[in-house]
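Reading through the C-alpha cells given below for one structure.
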Amino acid sequence: MKKSKMFTCFLFTLIIVFVCSISVSANVWVFGSSGTGNNPFTAKGFAIKTESGQVKWLYSKFSNGGYDANGDIIMQDGGTSYTGNDWGLKYISAAKSDGKSYDLFAMTNRNPKVYNYMFAYKKQSQKGKFTPISNFTSCLGAPIQTSVDLLEFPNGIDHELAIPINNFVFEPGTLYEFGFQQGMRANNGISLVLSGDSIGHYYGYLKYPFSPDEQALYDRKKYEEYQFISSYTPVAGTDYFNVNFVPMRFSVQTFADLSAWNTTAAEVQSFIDGMTQSNYDSGRWSKTNIDNLKAELSSMQNEADNVVKYQLKAEADQSIAQMINKITNDMNSAKTTDMTKLDAKLQAAKDFYDDAKNNVGTEVGNYLKESVDTLKQTIDTASAITNQSPQSDIDSAVKELDNAIINVKASQKTDKIVLNDYVNGITVTLNRGSVPDNVSLIVNRVDAADQRYRTYKDSIGENVKEIEIFSLLLYSGDKKIQPSKPMTVQFPVPDSMKSNDISAYLSGDDLKSGKVSSVRMESFVQVNSSTTGYFSLVSSGKAIVTSTADNSKTDDSSTEAVTKTASKDNVNVTKQTDLNTKKNSYEKEKLLDITAGAGNTTMSVTLKGENRPQEKIAVTVIPVSEVLKKGNPFWLLLSAAVLGIFGAVNGGVLIIRKIKKGVSLRR
C-alpha cells in the first residue's frame, strides 16, 4: 500500500513538471529562425506615384532600398532599416497638373490577410493639432503583388505587396502622416502584436488562430500604433528578448495655394509694364521708384516660390495676405521713397552694437569679434543712405542690418545643444556633455482617444478643463537615453489656452503625473526637467490678464515683448529667451523635421470588421531568418496522453486496493 502511494505521488509529480515545462503560447512566432510558413510579416512604409509616373517613398527616417538608376523603387525581401537620416519625398503638389488625385500605396513584406489597420493624420497650421482622417481605411484596396504589375513597379518581387490607397484627396498646405496599427495580419497568420512579459521582454508575434488569452491581447493591441523593431537581443537563461522600438511614420506635405498671390502679382506686373516715358516725363511717377517696385515684386515672387510655398495653410495664408497688402501699398506709393524702416532699424542696430562691442571674446556668452566688426561696417554703410537713394537700396540696407544683427547673435559662444521639433513647436535645450553629440529628439502627441490620455488625465484630478500631452524621447542612434543633467523644455502655448492659466505636469511610463515648476511666457511655457517622459500643459479654465512691459530697448527682429501673466493664484514676470540661431528666418519653415516630431499618437478607429471583401491572393513565402513558431502540438497531445495513462493507472491501483480490502474482511 505504501509502495502504491509512493508510485502515485511520483507519477503525479512527474506529470506536473512535464506539463509545466510546455510553452503556453502555442501560437507565438519567436525571433531567430524561419522556414516555410514561418516567415514574418513586415510593414515597410508608404509610397506615392508622382506626376512623372514613378513611385516614390514618402518622407521618413527609414531606408527601404532606395531607387535604381531610372528613379524606380528597388524592391527587397525584407531590408527595411531605421537609419535616422532623411529618406523619401517631403513635398508634393496637392493634385497633378490635370487636377486628378495621386495613387498612394501602403507597402508590406509578405501577403497581408487582414490589412485595414492603418491610420492617417493631417494638420494645416504649425501651431495646430493633428486630426485623424476618419474615412482613411475606406480608401484601401485589395493587396497586389508588385511582381504582377511591373508597369507600376518595374523592380517588383513576389514577396513585396502593395495595398492601393484609392481616391485619397490631398489639400493644399497640409502636412500628412501615415502609419500602421498592430492589428495587421499576414496570410500565414502572423500579426504585428508582440507577446511578452510585464517588464518589457518579448519573444515573438502572435499568430492566428489565437487562444482565448491571445485573442484578448490582440483585441487590446490591434488599434495601437505599430513601432519598428530596430534590434533585439536574447535575455540570458530565458526564451525572451530585449527589443528596441522606433516610431514608424511616413509623411508628406503639400505645397501651399499661391493663387491669390499670383493674381495680385500679375496685376502689379501689368501696372509696371504699362509705365511709359511720358508717365515719367509728366512727373507723376518716378522711374527709380517703379524700378524699385519691380525689384520688390521679383523679391516677393522669390519669397512665394521658395518660402511661402513650403508653409502650412494657416501660415501661408497669413504670409500671402501680408505680401499682397505690402505690394499693393508700395505700388500706390511708388512715387516717393520711404526711410521709416531704415531709420528704426539703424537705431536698433546702433544700440545693439554699443552693447555687443563690450562683450567680445572666447568665453561662454561672448560674441565673435569678426561678426561684431561686420555689424559696425554694415551700420556705417546704411548711415550713408538718404531719401534720395533708390528704394531698393533702402530696403536692402534694412535686410543687411537684420542679417548682421542675427549673425552677431549666432556667433555667441554657447555650451548648449538645442533640439527642435518643428511639427509641434517644441524646443529642448541640453547641457553639452549631458547627452551624446548624436542625440535626437522624438515627440509624439497623445490624443484623447488613447487610453494613456485618460489614465494620465485621471491621475491629475478633476480640475482639468483642457490638457495637451506629449511624449518626449531622446535617442542616441536607436537607443533611448536620459540626460545626466537637467534640460529645459519649451512648449508653445495652444491658442485655446492663451487667455487661461497653465500648469505643467510630468510622468514616467506609469502615467502617474506630478506637477512640475514652469515659467509662463507670452507664447511659450518653459519647464526644467531631469528626465524625459510624458509632459503635459493643463488649464483649469481660469482667466488671466496679460500686459506688455516696456520693450523699447530690444531689437524688433528677434524678441517678444516681456509678458506679465496674472491669475487669481499666481503672478509670473518672465523674459522670452531667443533660441533662434538660423541666419535666415525662413529656414525654420523649410527645415521641417517631420519624423523627428512624429505628431500625435494614433487614436482608435472604428472599423466595419476585419474580414473586408478582398481579392484572393496566392500564399507566397521566402525564408527571412527572423521568426520561428514557438510550441508544438505534439507536446500538447503527448501531455494529454500521459495524463490519460496516469488516470488509468491511478484508477487501477484504487480497484486493487478495494479487492484486497474485501478479501481481508472475508478472512
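Within the range 214-228, is there a residue that is within 26 Å of the chain's Cα centre (by Cα) and under 20 Å from GLY66 (Cα atoms)?
yes
Within the range 407-434, restricting attention to residues that are hydrophobic (A, V, I, L, M, F, W, C) and closer than 26 Å to SER125 by Cα, which residue is surrounded by the fewest Cβ atoms within 10 Å (Cβ to Cβ)? Spell out how you get there, then give the answer.
Keep residues of the range 407-434 that are hydrophobic (A, V, I, L, M, F, W, C), which gives 408, 410, 417-419, 423, 426, 428, 430.
Among the residues that remain, those that are also closer than 26 Å to SER125 by Cα are: 418-419, 423, 426, 428.
Numbers: VAL418: 15, LEU419: 22, VAL423: 23, ILE426: 21, VAL428: 22.
Top of the filtered list is VAL418.
Looking at (1) in the same structural domain as GLY183 (by TED's automatic domain parsing); (2) surrounded by 18 or more Cβ atoms within 10 Å (Cβ to Cβ); (3) in a helix (DSSP H, G or I), can you tell me which one ASP219 breaks?
For ASP219, the exception is condition (2).
Quick check on my filter: what residues within the range 273-293 are surrounded by 15 or more Cβ atoms within 10 Å (Cβ to Cβ) and either within 46 Å of the chain's Cα centre (by Cα) or charged (D, E, K, R) (or both)?
Matches in the range 273-293: ASP291, ASN292, LEU293.
With a cut-off of at least 3 residues that are of a type outside the set (Phe, Trp, Tyr), in contact (Cβ under 8 Å) with a residue 24 or more places away in the chain and in contact with a Phe, Trp or Tyr (Cβ under 9 Å, 6 or more places away or on another chain), name the helices (runs of 4 or more DSSP H) lying wholly within the range 331-423.
369-383, 391-410
Given the criteria closer than 25 Å to THR488 by Cα, at pLDDT below 85 and not aliphatic (A, V, I, L, M), does GLN412 qualify?
Yes, satisfied.
If you go through the range 484-531 one residue at a time, how many are part of a helix (DSSP H, G or I) and polar (S, T, N, Q)?
First, pick out the residues of the range 484-531 that are part of a helix (DSSP H, G or I): 495-497.
Narrowing the set further to residues that are polar (S, T, N, Q) leaves 496.
The number of residues fulfilling the criteria is 1.
What's the total number of residues in the range 222-254 that are surrounded by fewer than 19 Cβ atoms within 10 Å (Cβ to Cβ), hydrophobic (A, V, I, L, M, F, W, C) and touching a residue at least 24 places away in the same chain (Cβ under 8 Å)?
Matching residues across the range 222-254 total 2.
Scan the range 435-455 for residues that are more than 21 Å from the chain's Cα centre (by Cα) and crowded, with 17+ Cβ neighbours inside 10 Å and jot them down.
VAL435, the sole residue that qualifies.
Out of curiosity, is LEU537 crowded, with 19+ Cβ neighbours inside 10 Å, modelled with pLDDT of 85 or more and in a loop (DSSP other than H, G, I, E, B)? Outline the logic, then answer.
Details: crowded, with 19+ Cβ neighbours inside 10 Å: yes; modelled with pLDDT of 85 or more: yes; in a loop (DSSP other than H, G, I, E, B): no.
Here the answer is no, as LEU537 does not meet what is asked.
I'm trying to understand the selection: among the residues of the range 131-151, which are buried (at least 20 other Cβ atoms within 10 Å of the Cβ) and in a loop (DSSP other than H, G, I, E, B)? Walk me through how you get there before you give the answer.
From the range 131-151, those buried (at least 20 other Cβ atoms within 10 Å of the Cβ) are 137, 140, 143, 146; that's our starting set.
Hits for the range 131-151 are PRO143, THR146.
Name the residues in the range 141-152 that are within 17 Å of GLY179 (Cα to Cα) and either assigned by TED's automatic domain parsing to the domain that holds ILE469 or free of Cβ contacts under 8 Å to residues at least 40 places away in the same chain (or both), would you?
Pass one, the range 141-152, residues within 17 Å of GLY179 (Cα to Cα): 141, 143.
The one that is within 17 Å of GLY179 (Cα to Cα) and either assigned by TED's automatic domain parsing to the domain that holds ILE469 or free of Cβ contacts under 8 Å to residues at least 40 places away in the same chain (or both): GLY141.
Which count do you get for residues in the range 368-422 that are of a type in the set (A, V, I, L, M, F, W, C) and closer than 30 Å to SER484 by Cβ?
The qualifying residues number 5.
Being surrounded by fewer than 18 Cβ atoms within 10 Å (Cβ to Cβ) and among the acidic types (Asp, Glu): is that true of ASP373 here? Full working, then the answer.
Details: surrounded by fewer than 18 Cβ atoms within 10 Å (Cβ to Cβ): yes; among the acidic types (Asp, Glu): yes.
Yes; evaluated as a whole, the condition is true for this residue.
Here is a list of conditions, (1) part of a helix (DSSP H, G or I); (2) without any contact (Cβ under 8 Å) to a residue 12 or more places away in the chain; (3) closer than 28 Å to LEU473 by Cα, and ALA266 meets all of them except one; can you say which number that is?
Tallying (1) part of a helix (DSSP H, G or I); (2) without any contact (Cβ under 8 Å) to a residue 12 or more places away in the chain; (3) closer than 28 Å to LEU473 by Cα, ALA266 fails exactly one: (3).
One residue is enough: does the range 189-209 have a residue meeting the conditions at pLDDT 90 or above, surrounded by 20 or more Cβ atoms within 10 Å (Cβ to Cβ), touching a helix residue (DSSP H, G or I) at 6+ places or on another chain (Cβ under 6 Å) and assigned to a helix (DSSP H, G or I)?
no
With (1) out of contact with any helix residue (DSSP H, G or I) (no Cβ under 7 Å at 6 or more places or on another chain); (2) outside any loop (DSSP other than H, G, I, E, B); (3) not acidic (Asp, Glu) as the list, and PHE271 as the residue in question, which single condition is left unmet?
(1)
Quick check on my filter: what residues within the range 297-336 are among the small types (Gly, Ala, Ser) and closer than 26 Å to PRO390 by Cβ?
Once the filter is applied, which keeps residues that are among the small types (Gly, Ala, Ser) and closer than 26 Å to PRO390 by Cβ, the range 297-336 yields SER298, SER299, ALA304, SER319, SER333, ALA334.
The values are calculated or read from the model by the stated rules, or taken from the named source; none is laboratory data. Since the structure is predicted, the reported quantities are computational estimates derived from the model, not experimental observations. Cβ sites come from the backbone with ideal geometry, for glycine too, and all protein chains shown count toward neighbours.
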